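The values are calculated or read from the model by the stated rules, or taken from the named source; none is laboratory data. Everything quoted here is computed from the prediction, not taken from an experiment. When we count neighbours, we look across all protein chains shown, and the Cβ atoms used for this are built from the backbone with ideal geometry, even at glycine. Protein only, heavy atoms only, side chains kept; ligands, DNA and RNA dropped before computing areas. Shrake-Rupley method; radii C 1.70, N 1.55, O 1.52, S 1.80 Å.
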There are 2 protein chains.
Amino acid sequence: MPKTNHQMPNSSESPVTRGPAEHERRTQIIEAAVRSFAIHGYQKTTIADLAKAIGMSTAYIYKFFESKQAIGEVVCARTMGVTSAALLAVADDSSASACERLSTVFETLVERGYDLLDIQPKLHEIAMAAVDEGWASVRTYRAELGEVVRRIVVAGRDSHEFESSAAPAEVCQGLLATLIPFSHPVFLRQTSRQDMLQAAAAVSALVLRGLILRGLKI
Amino acid sequence: MPKTNHQMPNSSESPVTRGPAEHERRTQIIEAAVRSFAIHGYQKTTIADLAKAIGMSTAYIYKFFESKQAIGEVVCARTMGVTSAALLAVADDSSASACERLSTVFETLVERGYDLLDIQPKLHEIAMAAVDEGWASVRTYRAELGEVVRRIVVAGRDSHEFESSAAPAEVCQGLLATLIPFSHPVFLRQTSRQDMLQAAAAVSALVLRGLILRGLKI
């Protein structure tokens, strides 16, 4: 039986873990999980598989992770963290105009999604589970996308590229919603990269016409 | 064994059916399917269940429908047909401005989605299957949504509410993509109606600012 502790699963923004921070062991388990998720998929991987892969007991793994989902959360958070770091870098890139940064965000989201699936098609499964089950890593990722949008809107208003009459919170909410079709795993399997890039460019152009200060050309 | 014919499943835009157009029998099967999908869900319903419900053999049902999916296609097409007819009526409503028509399309999509799920929560399952498996009824629905968008863009340009410099095909493609989060069943379960309506209003306002002729107020 797994040892219990006082942490509630899914109750915090950080992945639910157990026991002391034995960094190396945790890394070993995560690496085994990444390999198994890539080969067999998230759904078919069990804690017993991971234990076998690293030559430990399942009880030993439960010392570090509450559940398979807790391991999945770490894998997801790591993958989505790389994407959101890339997008935050785009949002903060002062060498580009706010308009360019927004277009690049749309494009980067699409390219990164397809790149990930090209390398690891089975990643789609864990991404879908994460979204369907509302994992903490997904909430964090959404909040980070919101921050990306907010920084670009602020930058565009500060530089007088964007008009400032609309309520910024509503503008950001609208923009974030227009990113959904390009950030949600459900769409990546149904549309080709080329079609998705074209749709992203069309949305980006459409919303930019709404954002820019009248008189400016884009 | 089901009788075979020369129709390929999923190869045409209309639902795949078999045998003579015995309207009444088909209706009876569809009604039984609607009831069973509503109570047990699409996945758990079998052709044998439907045969039992109407006191016929499974072979008899296969005379009319190639597969469970073919029955599901009819149920889906009927439900989505009501939505797209409502949206086309909004697009053609000459008593409203093109701006108002577009806002109403966003709102109607959201309200209709939640209304359907409130009445029949299990409908979500068949909608997800239809989308995941790329049913013909979904392709038809998408084409109809595209037509809704196209008519509003044409109306707005004709009335000089909308600017006309951007390529209309790209504008329509962008608009259609902004409707996705409000028309895809995957999102209806994860967000409250109120939050979804607020997001739809934010996107609608954002894209309208991009569409309208500079100088006009919305």
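Applying the criterion of being of a type in the set (Gly, Ala, Ser) and open to solvent by 10 Å² or more (accessible area, probe 1.4 Å) to the residues of the range B:138-165, the residue that is farthest from residue B:107 (Cα to Cα) is B:165. In this entry, residue B:188 is excluded by the filter for residues that are more than 7 Å from every other protein chain (Cβ to nearest Cβ), at pLDDT below 90 and touching a strand residue (DSSP E or B) at 6+ places or on another chain (Cβ under 6 Å).
Checked across the range B:191-205, the condition of being under 20 Å from residue A:198 (Cα atoms) and in a helix (DSSP H, G or I) holds for at least one residue. Entry remark, the range B:56-80: residues being open to solvent by less than 30 Å² (accessible area, probe 1.4 Å) and within 13 Å of residue B:135 (Cβ to Cβ) number 7 in total. Within the range B:178-204, the set of residues being without any contact (Cβ under 8 Å) to a residue 40 or more places away in the chain, closer than 23 Å to residue A:168 by Cβ and surrounded by 20 or more Cβ atoms within 10 Å (Cβ to Cβ) comprises B:178, B:181, B:199, B:202. If you filter the range B:102-137 down to residues that are open to solvent by less than 40 Å² (accessible area, probe 1.4 Å) and among the polar types (S, T, N, Q), you find that the one that is nearest to residue B:171 (Cα to Cα) is B:108. For the range B:81-99, how many residues are of a type in the set (S, T, N, Q) and either over 22 Å from the mean Cα position of the chain (by Cα) or open to solvent by 60 Å² or more (accessible area, probe 1.4 Å) (or both)? Residues in the range B:81-99 being of a type in the set (S, T, N, Q) and either over 22 Å from the mean Cα position of the chain (by Cα) or open to solvent by 60 Å² or more (accessible area, probe 1.4 Å) (or both): 3 in total. Residue B:160 satisfies every condition listed in (1) within 12 Å of another protein chain (Cβ to nearest Cβ); (2) on the phi > 0 side of the Ramachandran plot except (1).
Looking across the range A:109-122 at every residue that is within 12 Å of the chain's Cα centre (by Cα) and away from every other protein chain (no Cβ under 14 Å), the one that is nearest to residue B:128 (Cα to Cα) is identified as A:113. May I ask you to list the residues in the range A:143-177 that are within 22 Å of residue A:76 (Cβ to Cβ) and either touching a residue at least 12 places away in the same chain (Cβ under 8 Å) or not assigned by TED's automatic domain parsing to the domain that holds residue A:82 (or both)? Hits for the range A:143-177 are A:144, A:145, A:146, A:147, A:148, A:149, A:176.
Of all residues in the range A:120-179, count the ones that are assigned to a loop (DSSP other than H, G, I, E, B), over 30 Å from residue A:34 (Cα atoms) and out of contact with any Cys (no Cβ under 9 Å at 6 or more places or on another chain). So the count comes out to 7.
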